[in-house]
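**Student:** To start, I am sharing the structure in question, which I have written as structure tokens.
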Amino acid sequence: MFQDPDSPAYHYRVIARALHEIDAGGPQMRLEDLAARIGMSPGHFQRLFSRWVGVSPKRYQQYLTLGLARQLLADRHSALETALQAGLSGGGRLHDLFLRWEAMSPGDYARAGSGLTISWGWFDSPFGTALVMGTEKGLCGIGFAEETGTEATMTDLLARWPRADFVEDPARLAPWAEAAFGERRGETPLLLSGAPFQIKVWEALLAIPSGHVTTYSDIAQAIGHPRAVRAVGTAVGRNPLSWLIPCHRALRRSGGLGGYHWGLPVKRAMLAWESARADADGPAGDAARNSTSDAA
């Protein structure tokens, strides 16, 4: 299949390969060595990195290490309960995107999509090929296929609404999908389909700022079920709208990444992408963007 070297999905595949190479080669790997393993010139590799995340490979490397989760937990552990009490849940800014959401009624949820027409299509995203689904009310599903494969991703999301009618119609979804992945500004409405407990968990996830993380136990505490950590983890894993409902920002209390429904490399890339972009807004990020000769 032809790969457009300017597409976000192609960039993600290069970044994912770099992640594996950095883990294998250690944090002191030079730019020239890393670029050679990827099969690119150092200059091309650095330019691609900077286009994808906004900082140089040297600056970005710290966000690709296995210690990222623990660092985020120590430095950017969000006060989730405070955010919820302040009324920050139920919607928020994601870069230039405004999210608004509504949940299906319990009756609609119980009908498993009966009488519902769901459009679907494949789209480029910063984290590889993404399957996007939506109704007339908004997006209802996003899954990533780089680690799981397109067939498994499709099967997974189709099973969320076993009685719905599905129609391939990417043009209908394009404005919402492009806003979701940062290709244009706009409002993206979300239609959540889940049990009441799941909806509470997903609402809590929406309160976590970009570049920050929380823990499964903090989510359990915030929604009033402090002993339901395992159930929270299950609900996080069942999130139908990955990335927009940021389940990648939920970590274990120890600082471990925990699981991720679409593959841990995707979760690590999302956390690194958000963290690097958050830092790029400050003086250190400006300096990194201006650097053209850093090693990896």
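**Student:** Criterion first (modelled with pLDDT under 90, under 30 Å from GLU32 (Cα atoms) and among the basic types (Lys, Arg)) does ARG268 satisfy it?
**Tutor:** Numbers: modelled with pLDDT under 90: yes; under 30 Å from GLU32 (Cα atoms): yes; among the basic types (Lys, Arg): yes.
For ARG268, the condition - modelled with pLDDT under 90, under 30 Å from GLU32 (Cα atoms) and among the basic types (Lys, Arg) - is met.
**Student:** Then there is this: Can you name the residue in the stretch 173-192 that is among the small types (Gly, Ala, Ser) and modelled with pLDDT under 90 and, of all such residues, is nearest to the chain's Cα centre (by Cα)?
**Tutor:** Of the residues in the stretch 173-192, the ones among the small types (Gly, Ala, Ser) are 174, 177, 179-180, 182, 186.
Adding the requirement that they be modelled with pLDDT under 90 leaves 182, 186.
Values: GLY182: 12, GLY186: 18 Å.
Here the residue is GLY182.
**Student:** Inspect the stretch 128-142 for any residue being over 15 Å from the mean Cα position of the chain (by Cα), assigned to a loop (DSSP other than H, G, I, E, B) and not acidic (Asp, Glu) and give the result as yes or no.
**Tutor:** The answer is yes, given that some residue of the stretch 128-142 is over 15 Å from the mean Cα position of the chain (by Cα), assigned to a loop (DSSP other than H, G, I, E, B) and not acidic (Asp, Glu).
**Student:** For a quick check of your reading: which helices (runs of 4 or more DSSP H) sit entirely within the stretch 24-108 and have at least 3 residues that are at pLDDT below 65? Show your work before the answer.
**Tutor:** Details: elements: 31-38, 42-53, 57-61, 68-75, 80-85.
Hits in the stretch 24-108: 80-85.
**Student:** Can you tell me how many residues in the stretch 233-245 are buried (at least 21 other Cβ atoms within 10 Å of the Cβ) and out of contact with any strand residue (DSSP E or B) (no Cβ under 8 Å at 6 or more places or on another chain)?
**Tutor:** Looking only at that region, the number is 1.
**Student:** Take the stretch 109-127 and flag every residue that is part of a loop (DSSP other than H, G, I, E, B) and buried (at least 18 other Cβ atoms within 10 Å of the Cβ).
**Tutor:** Quick first cut of the stretch 109-127, residues part of a loop (DSSP other than H, G, I, E, B) only: 111-116, 124-127.
Those that are part of a loop (DSSP other than H, G, I, E, B) and buried (at least 18 other Cβ atoms within 10 Å of the Cβ): GLY113, LEU116, ASP124, SER125, PRO126, PHE127.
**Student:** Return the pair list, or none, for Cβ contacts closer than 7 Å from residues in the stretch 174-190 that are among the aromatic types (Phe, Trp, Tyr) to residues that are surrounded by 19 or more Cβ atoms within 10 Å (Cβ to Cβ) and at pLDDT below 80, at least 6 apart or on different chains.
**Tutor:** PHE181/PRO8
**Student:** Given the conditions (1) part of a helix (DSSP H, G or I); (2) in contact with a helix residue (DSSP H, G or I) (Cβ under 6 Å, 6 or more places away or on another chain); (3) in contact (Cβ under 8 Å) with a residue 24 or more places away in the chain, and given that ASN239 satisfies all but one, which numbered condition is not satisfied?
**Tutor:** Every listed condition holds for ASN239 apart from (1).
**Student:** Also, quick follow-up: Name every residue in the stretch 271-296 that is at pLDDT 70 or above and hydroxyl-bearing (Ser, Thr, Tyr), in order of residue number. First the steps, then the outcome.
**Tutor:** Taking the stretch 271-296 as the starting set, the residues that turn out to be at pLDDT 70 or above are 271-278.
Within the stretch 271-296, SER275 is the sole residue that qualifies.
The values are calculated or read from the model by the stated rules, or taken from the named source; none is laboratory data. These numbers were taken from a predicted model, which means no experiment stands behind them. FYI the Cβ positions are ideal-geometry reconstructions off the backbone, even for glycines, and counts take in every protein chain you see.
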